[in-house]
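All remarks here apply to the structure that follows.
The values are calculated or read from the model by the stated rules, or taken from the named source; none is laboratory data. Here the structure is a predicted model, which is why all the values come from computation and not from measurement. In this analysis, Cβ positions are derived from the backbone assuming ideal geometry, glycine residues included, and neighbour counts consider all displayed protein chains. Calculation scope for accessible area: heavy atoms of the full protein, side chains included, ligands and nucleic acids excluded. Shrake-Rupley method; radii C 1.70, N 1.55, O 1.52, S 1.80 Å.
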Amino acid sequence: MTRQFWLATAAMLCITSPVASETAPSAVTYVDGAIDVSLTGSPGDAAAGKKVMTTASLGNCVACHQIGTIPEADFQGDIAPPLDGVADRYSEAELRGLVANAKMTFEDSFMPAFYKTEGFTRPGAAYSGKAPTEDLPPILTAQQIEDVVAYLITMTE
(Lines give C-alpha, C1' and ligand atoms only; values in the text may rest on other atoms or scores of the structure.)
Protein backbone atom coordinates (compact mmCIF):
# COMPACT_ATOMS: atom_id res chain seq x y z
CA MET A 1 0.00 0.00 0.00
CA THR A 2 2.78 2.44 0.89
CA ARG A 3 4.65 1.70 -2.33
CA GLN A 4 1.51 2.35 -4.40
CA PHE A 5 0.95 5.64 -2.57
CA TRP A 6 4.50 6.85 -3.31
CA LEU A 7 4.29 5.75 -6.94
CA ALA A 8 0.99 7.58 -7.35
CA THR A 9 2.43 10.67 -5.66
CA ALA A 10 5.49 10.63 -7.93
CA ALA A 11 3.29 10.22 -11.00
CA MET A 12 1.14 13.18 -9.96
CA LEU A 13 4.23 15.35 -9.45
CA CYS A 14 5.47 14.44 -12.91
CA ILE A 15 2.11 15.28 -14.44
CA THR A 16 1.66 18.58 -12.63
CA SER A 17 5.23 19.89 -12.76
CA PRO A 18 4.90 21.47 -16.26
CA VAL A 19 1.88 23.42 -15.02
CA ALA A 20 3.79 24.59 -11.97
CA SER A 21 6.51 26.09 -14.18
CA GLU A 22 4.07 28.18 -16.23
CA THR A 23 4.03 31.92 -15.80
CA ALA A 24 0.55 32.98 -14.67
CA PRO A 25 -1.13 35.65 -16.83
CA SER A 26 -1.00 38.14 -13.95
CA ALA A 27 2.76 37.54 -13.52
CA VAL A 28 3.80 38.13 -17.15
CA THR A 29 6.40 40.87 -17.57
CA TYR A 30 6.14 42.94 -20.76
CA VAL A 31 9.10 45.02 -21.95
CA ASP A 32 7.92 47.41 -24.66
CA GLY A 33 5.16 44.91 -25.44
CA ALA A 34 7.51 41.92 -25.71
CA ILE A 35 7.73 38.92 -23.40
CA ASP A 36 11.40 37.94 -23.28
CA VAL A 37 11.07 34.51 -21.66
CA SER A 38 8.96 31.50 -22.49
CA LEU A 39 5.70 31.29 -20.55
CA THR A 40 6.30 27.57 -20.02
CA GLY A 41 10.07 27.26 -19.87
CA SER A 42 10.03 24.96 -22.88
CA PRO A 43 9.77 25.50 -26.63
CA GLY A 44 6.45 25.39 -28.39
CA ASP A 45 5.29 22.89 -31.01
CA ALA A 46 4.79 24.55 -34.40
CA ALA A 47 2.32 21.88 -35.60
CA ALA A 48 0.18 22.40 -32.49
CA GLY A 49 0.44 26.17 -33.03
CA LYS A 50 -0.89 25.83 -36.57
CA LYS A 51 -3.87 23.93 -35.17
CA VAL A 52 -4.54 26.66 -32.57
CA MET A 53 -4.36 29.31 -35.31
CA THR A 54 -6.93 27.55 -37.49
CA THR A 55 -9.37 26.20 -34.88
CA ALA A 56 -12.41 28.38 -34.23
CA SER A 57 -12.72 27.36 -30.57
CA LEU A 58 -9.05 28.20 -29.91
CA GLY A 59 -7.02 31.08 -31.37
CA ASN A 60 -8.75 31.24 -34.75
CA CYS A 61 -6.15 33.66 -36.13
CA VAL A 62 -7.40 33.00 -39.66
CA ALA A 63 -10.69 34.73 -38.85
CA CYS A 64 -8.91 38.10 -39.05
CA HIS A 65 -5.53 37.43 -40.70
CA GLN A 66 -4.52 36.13 -44.13
CA ILE A 67 -2.04 33.29 -43.68
CA GLY A 68 -0.49 32.23 -46.96
CA THR A 69 1.33 29.28 -45.37
CA ILE A 70 -2.05 27.74 -44.50
CA PRO A 71 -3.94 27.88 -47.82
CA GLU A 72 -6.19 25.03 -46.74
CA ALA A 73 -7.74 27.22 -44.01
CA ASP A 74 -11.10 28.41 -45.29
CA PHE A 75 -12.57 31.88 -44.85
CA GLN A 76 -9.37 33.75 -44.04
CA GLY A 77 -9.95 37.28 -42.84
CA ASP A 78 -8.65 40.57 -44.14
CA ILE A 79 -9.35 42.94 -41.26
CA ALA A 80 -5.93 42.46 -39.67
CA PRO A 81 -2.43 42.48 -41.19
CA PRO A 82 -1.37 39.40 -43.18
CA LEU A 83 0.91 37.12 -41.19
CA ASP A 84 3.18 36.12 -44.08
CA GLY A 85 6.72 37.15 -43.21
CA VAL A 86 5.79 38.04 -39.63
CA ALA A 87 8.99 36.43 -38.31
CA ASP A 88 11.00 38.90 -40.40
CA ARG A 89 9.17 41.85 -38.83
CA TYR A 90 9.11 40.79 -35.17
CA SER A 91 11.39 38.92 -32.79
CA GLU A 92 10.24 35.82 -30.92
CA ALA A 93 9.76 37.90 -27.75
CA GLU A 94 7.71 40.49 -29.65
CA LEU A 95 5.55 37.76 -31.21
CA ARG A 96 4.96 36.21 -27.78
CA GLY A 97 3.85 39.59 -26.47
CA LEU A 98 1.57 40.22 -29.45
CA VAL A 99 -0.15 36.86 -29.11
CA ALA A 100 -0.49 37.14 -25.33
CA ASN A 101 -1.84 40.71 -25.37
CA ALA A 102 -1.40 42.85 -28.50
CA LYS A 103 -2.67 45.93 -26.64
CA MET A 104 0.65 46.06 -24.79
CA THR A 105 2.24 46.99 -28.15
CA PHE A 106 -0.65 48.49 -30.09
CA GLU A 107 -2.99 50.21 -27.64
CA ASP A 108 -5.87 50.50 -30.13
CA SER A 109 -5.62 46.93 -31.42
CA PHE A 110 -8.88 45.01 -31.64
CA MET A 111 -7.01 41.72 -31.34
CA PRO A 112 -8.17 39.86 -28.22
CA ALA A 113 -5.76 39.40 -25.35
CA PHE A 114 -5.25 35.64 -25.46
CA TYR A 115 -3.35 35.42 -22.16
CA LYS A 116 -5.12 37.79 -19.81
CA THR A 117 -7.40 37.03 -16.86
CA GLU A 118 -8.18 40.35 -15.21
CA GLY A 119 -8.96 43.99 -15.93
CA PHE A 120 -11.92 43.40 -18.21
CA THR A 121 -14.81 45.86 -18.54
CA ARG A 122 -18.00 44.01 -17.63
CA PRO A 123 -20.97 46.00 -18.85
CA GLY A 124 -23.32 43.08 -18.15
CA ALA A 125 -23.26 43.85 -14.43
CA ALA A 126 -25.19 47.09 -15.01
CA TYR A 127 -27.86 45.37 -17.11
CA SER A 128 -28.41 41.94 -15.65
CA GLY A 129 -26.45 41.99 -12.43
CA LYS A 130 -25.12 38.58 -13.43
CA ALA A 131 -21.70 39.42 -14.85
CA PRO A 132 -19.02 37.31 -13.16
CA THR A 133 -16.82 39.16 -10.72
CA GLU A 134 -13.96 36.65 -10.50
CA ASP A 135 -11.03 36.56 -12.90
CA LEU A 136 -11.79 34.95 -16.25
CA PRO A 137 -9.63 32.12 -17.58
CA PRO A 138 -7.24 33.03 -20.40
CA ILE A 139 -8.43 32.24 -23.93
CA LEU A 140 -5.25 30.24 -24.59
CA THR A 141 -2.98 28.38 -22.19
CA ALA A 142 0.67 29.27 -21.79
CA GLN A 143 1.58 26.21 -23.85
CA GLN A 144 -0.80 27.22 -26.64
CA ILE A 145 0.79 30.68 -26.71
CA GLU A 146 4.23 29.06 -27.05
CA ASP A 147 2.90 26.74 -29.77
CA VAL A 148 1.53 29.67 -31.81
CA VAL A 149 4.82 31.54 -31.41
CA ALA A 150 6.69 28.42 -32.57
CA TYR A 151 4.61 28.43 -35.77
CA LEU A 152 4.87 32.18 -36.28
CA ILE A 153 8.67 32.15 -36.12
CA THR A 154 8.68 29.77 -39.10
CA MET A 155 6.87 32.37 -41.20
CA THR A 156 9.64 34.19 -43.02
CA GLU A 157 9.58 35.71 -46.51
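Here are some notes:
- Counting only protein heavy atoms and using a 1.4 Å probe, the accessible area of residue 91 comes to about 50 Å².
- Percentage of interatomic Cα-Cα distances in the chain larger than 20 Å: 55 percent
- Accessible area per residue for the chain is 61 Å², calculated with a 1.4 Å probe on protein heavy atoms, without ligands, DNA or RNA.
- For segment 97-157, the fraction of 1.4 Å probe accessible surface lying on carbon and sulfur atoms is 58 percent.
- Charge context of residue 40, other residues only, Cβ under 13 angstrom, K/R +1, D/E -1: -3
- Report summary: the helix-based calculation at 222 nm, which adds -39500 (n - 2.57) for every DSSP H run with n ≥ 4 and divides by the residues of the chain, gives -10500 deg cm²/dmol.
- Charge dipole (the chain, unit charges on Cβ, about Cα centre) - positive-most of 38, 132, 111: 132
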